[in-house]
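A.B. asks: Quick one: the structure is below, questions incoming.
All of the numbers you see were taken from the coordinates with simple rules; none came from a lab. Quantities reported herein were computed from a predicted structural model and do not represent experimental measurements. Backbone-built Cβ (ideal geometry, glycine too); neighbour counts: all protein chains shown.
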Ligand SMILES: O=C(O)CCC(=O)C(=O)O
């Protein structure tokens, strides 16, 4: 069994991401995986389909072959106790309290709060972006927690990150209409060359800042890649009223 490491707030502040190896024990992983598969077959909504996102490689409509491929099982928190326990339990909560250096940590039900379901065959690539681009909070200071239920490698669409990019101010002109980095610009290409893959084994957990630029490839393996992802903020960083970020109440994590 791998040793669980603790996060270093200093490294996280510098890089905008960090991985804790083996944070999710096998019985919890098995339960999360079993519940996810039970919600995929038969499919339990709400679901985002690959055809909805329009990303490179996605089927262009739900009527086309592969058009019913799910990309995300949404509202994971309200789906089952096993998701709630993982998302608000001590393994994740303790790491977040250390990173935020505060005890009042809340889970947002409005962002991520999903299981990423990258299927072989019809999955799409995600271009370079910051998650905060469509989120509305007092400050751009949220942390997402990405759990690998199986190995995540170059072959099955590993997430790549640009270390330190959460500290950059990128001019609007370097982003396209959907706020992805414009890859035709040399300045952006140089930045992307500094990216790193975040290879994960089952049970490893990636913590990443909402301003960290990241991207992911298609799943070219023969197996589905399943990754529950939840996002957190502190009490002094509230969603702006009447925005999508305020549509559902945040959930407080309780220190043990
Ligand atoms: O697995 C992927 O394609 C990446 C998804 C992602 O970056 C996101 O939803 O923000």
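A.B. asks: Quick one: how many residues across the stretch 160-174 are part of a helix (DSSP H, G or I) and in contact (Cβ under 8 Å) with a residue 60 or more places away in the chain?
C.D. replies: 3
A.B. asks: Which of the residues spanning the stretch 140-155 are buried (at least 21 other Cβ atoms within 10 Å of the Cβ) and not in a strand (DSSP E or B)?
C.D. replies: 142, 148, 149
A.B. asks: Of all residues being over 14 Å from the mean Cα position of the chain (by Cα) and at positive phi in the stretch 91-132, which is surrounded by the fewest Cβ atoms within 10 Å (Cβ to Cβ)? Just the residue, please.
C.D. replies: Only one residue tops the list, namely 101.
A.B. asks: Would you call residue 41 out of contact with any helix residue (DSSP H, G or I) (no Cβ under 9 Å at 6 or more places or on another chain) and touching a residue at least 40 places away in the same chain (Cβ under 8 Å)? Steps first, answer last, please.
C.D. replies: Details: out of contact with any helix residue (DSSP H, G or I) (no Cβ under 9 Å at 6 or more places or on another chain): yes; touching a residue at least 40 places away in the same chain (Cβ under 8 Å): no.
Judged against the criteria, residue 41 is not a match.
A.B. asks: Next question, about the same structure. Among the residues of the stretch 126-139, are any touching a strand residue (DSSP E or B) at 6+ places or on another chain (Cβ under 7 Å), under 18 Å from residue 15 (Cα atoms), assigned to a helix (DSSP H, G or I) and within 13 Å of the ligand (Cβ to nearest atom)?
C.D. replies: Looking for residues that are touching a strand residue (DSSP E or B) at 6+ places or on another chain (Cβ under 7 Å), under 18 Å from residue 15 (Cα atoms), assigned to a helix (DSSP H, G or I) and within 13 Å of the ligand (Cβ to nearest atom), one finds at least one in the stretch 126-139, hence yes.
A.B. asks: Also, I was wondering about something else. Which one is nearest to the chain's Cα centre (by Cα), of the residues in the stretch 192-206 that are more than 14 Å from the ligand (Cβ to nearest atom) and in contact (Cβ under 8 Å) with a residue 40 or more places away in the chain?
C.D. replies: 205
A.B. asks: Can you tell me which of 240, 224 is in contact (Cβ under 8 Å) with a residue 12 or more places away in the chain and either within 16 Å of the ligand (Cβ to nearest atom) or surrounded by 17 or more Cβ atoms within 10 Å (Cβ to Cβ) (or both)?
C.D. replies: 224
Let's see how each residue does on (1) within 16 Å of the ligand (Cβ to nearest atom); (2) closer than 25 Å to residue 198 by Cα:
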{"position": "30", "(1), (2)": "no, yes"}
{"position": "54", "(1), (2)": "yes, yes"}
{"position": "64", "(1), (2)": "no, no"}
{"position": "83", "(1), (2)": "no, yes"}
{"position": "91", "(1), (2)": "no, yes"}
